[in-house]
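Notes for the one structure printed next.
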Amino acid sequence: MSPDRAPVGALFRRFRERLAAEGPDRLGGPGPRTGHGSKVNPGGGTNGSRAAGPETGGPNGTPLSGTGTAAPGSGSPATGTGAGVARTDSGAAEVRLAPHPPRDVEPVERPRRRGRKGGGGEQLTVPPAEFTSYYGRPILKAPVWKWDIAAYLFTGGLAAGSSILAAGGQLTGRPALRRAGRVSSLAAVGASAYFLVNDLGKPSRFHHMLRVAKLTSPMSVGTWILTTFGPAAGLAAVAEAAPWLPERGLLGLGRRLLPPVGHAAGLVAAVTAPALATYTGVLLADTAVPSWHEAYPELPTIFAGSALASGAGVGLLAAPPAQAGPARRLAVAGAALELWGSHRVENRLGLLSEPYATGTAGRLLRAGRALTAAGVAGALVGRRSRAVSALSGGALLAAAVCTRFGIFHGGVASAKDPRYTVVPQRERADRRVAAGD
């Protein structure tokens, strides 16, 4: 510290003495406060002015600083006039300010925005946005599958239903029904392999899919189901040619071995058939296509019923009425499942049921229901008529085609329109918000 400078304590004491002698205004200070009102000078003056009298405000000339009370006429915010008057309602009105709210009134809460549970926020000031897409383009990319996949859905179900029909004929001693089911199953599974490879583009891609087995992937599981079902159905169908082989030699050995091997293979195919009939429904529901994804409980049921009905149609077409009893029962069971599932997807899904009721899909599904009902009625009525049974079988097969193609076109239509993607998502979000509140 420089020797010619006074200590800080001495400087502070001199400042206090000068402040007490001359007052705060002489030193450029703001003046003493009186209570919670405006700053006043002694003698009733307001801030920024000097009173003519001595700097005392009390009746005995006592200083006002530190008293915590306002002198009469000192310009308090409630009743006075002066610089602090802007804090009163009348003064605020004069200078065009909002009135000061009373101290004893609770502030009004703003309405909170509905959002997360326990969260705040201000009220929305813009209307809810309408569903739209960027330049009118679809939000989802529509499936690239063509008609061959819809045909694959039908032939896979036909192969499954025919193998179940063949097993029923085998176990009940109806050779005509067994033979028709086995041959139809082999033809249908061969067509399914063609349609699938045609969609994949290269036969080697089907082989590449067998490199892994992933239980969480319907496509991988379906590939292995088809790989297991195909050879079993083929071996059972080949066994039907055993009576045409010679009785002696190597071919004679095949004639004796094929029937029992064919029986075992037919049962293996029948056991695998339900998985083959329903996995395609799971495959469609596992996609992001709105009307397929939302119908995940019904699609396997519809495909199972359609498979049974198509298999029954084969039996009614190929077997004589005396041996077609299992086919008629299969037709009734399949029609019940198919009609129930179709009714559900057209009424349970709300907005997402619309693609199944309009356009190409709606026409196909309505035709499928009508053909199914006609086929079942003909199967029950024409028990002794081969012609009526054949017509009923043809109606059931046509109904299966319409049902599979209708489900396919309904899903594709829902993927092309952004409304079927955005609106259900917002409805689910609103339900979650309502449940959280």
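Coordinate-derived values only; no laboratory data. Computed from a predicted model, the values in this text were never measured in an experiment. Don't worry about glycine lacking a Cβ; one is built from the backbone with ideal geometry, like all the others, and counts go over all protein chains shown.
Magnitude of the charge dipole for the range 142-436, about its Cα centre and with charges confined to Cβ atoms of Lys, Arg (+1) and Asp, Glu (-1), is about 500 debye. Of the peptides 12-18, 392-398, the order by per-residue mean of other Cβ atoms within 10 Å, starting with the highest, comes out as 392-398, 12-18. Across the range 356-372, rounded Karplus estimates of 3J(HN,Hα) from the backbone phi angles (6.51 cos²θ - 1.76 cosθ + 1.60, θ = phi - 60°) give 7, 10, 10, x, 4, 4, x, 5, 5, 5, 5, 5, x, 5, 5, 5, 5 Hz, Gly and Pro being marked x.
In sequence order, the range 346-351 has phi-based couplings of 8, 10, 8, 8, x, 4 Hz under the Karplus curve 6.51 cos²θ - 1.76 cosθ + 1.60, θ = phi - 60°, and Gly or Pro positions carry x.
Toward the positive end of the charge dipole of the range 142-436, with +1 on the Cβ of Lys and Arg and -1 on the Cβ of Asp and Glu, the farthest Cα among A142, G311, Y296 is that of G311.
Tell me, what is the FRET efficiency for Q425 and R366 to the nearest 0.05, using R0 = 25 angstrom and their Cβ-Cβ distance as r? All intermediate terms of the calculation are to be shown ahead of the outcome.
Values: r = 29 Å, r/R0 = 1.16.
Efficiency, from the Cβ-Cβ distance: 0.30.
Here the 3J(HN,Hα) profile of the range 335-340, calculated from phi with Karplus coefficients 6.51, -1.76 and 1.60 at θ = phi - 60°, is 5, 4, 5, 5, 5, 5 Hz, Gly and Pro shown as x. This ranking places I164, I302, I407 by how few other beta-carbon atoms lie within 10 Å of each, fewest first, which gives I164, I302, I407. Among L380, S414, L364, flag the residue with its Cα farthest along the positive direction of the charge dipole of the range 361-432, charges on Cβ as +1 for Lys/Arg and -1 for Asp/Glu. Checked the options; the winner is L380. Between R432 and R16, full extension at 0.36 nm per residue minus the direct alpha carbon distance yields a gain of 143.0 nm.
Dipole size of the range 326-419 about its Cα centre, with +1 on Lys/Arg Cβ and -1 on Asp/Glu Cβ: approximately 360 debye, rounded to the nearest 20.
Magnitude of the charge dipole for the range 262-367, about its Cα centre and with charges confined to Cβ atoms of Lys, Arg (+1) and Asp, Glu (-1), is about 340 debye.
List I225, I139 from most exposed to least, where exposure is judged by having the fewest other Cβ atoms within 10 Å. Please report the intermediate quantities before stating the final value.
Working: I225 22, I139 19.
With the sparsest Cβ surroundings first, the list reads I139, I225.
The packing ranking of peptides 236-243, 310-317, highest mean first, is 310-317, 236-243, where packing means the average number of other beta carbon atoms within 10 angstrom of each residue. Take every pair of alpha-carbon atoms less than 8 Å apart whose residues are at least six positions apart; their mean separation over the length of the range 142-436 yields a relative contact order of 21 percent. Work from the charge dipole of the range 309-437 (Cβ charges, +1 for Lys and Arg, -1 for Asp and Glu, about the Cα centre) and give the residue of V345, P320, F405 farthest towards its positive end. The Cα lying farthest towards the positive end belongs to P320.
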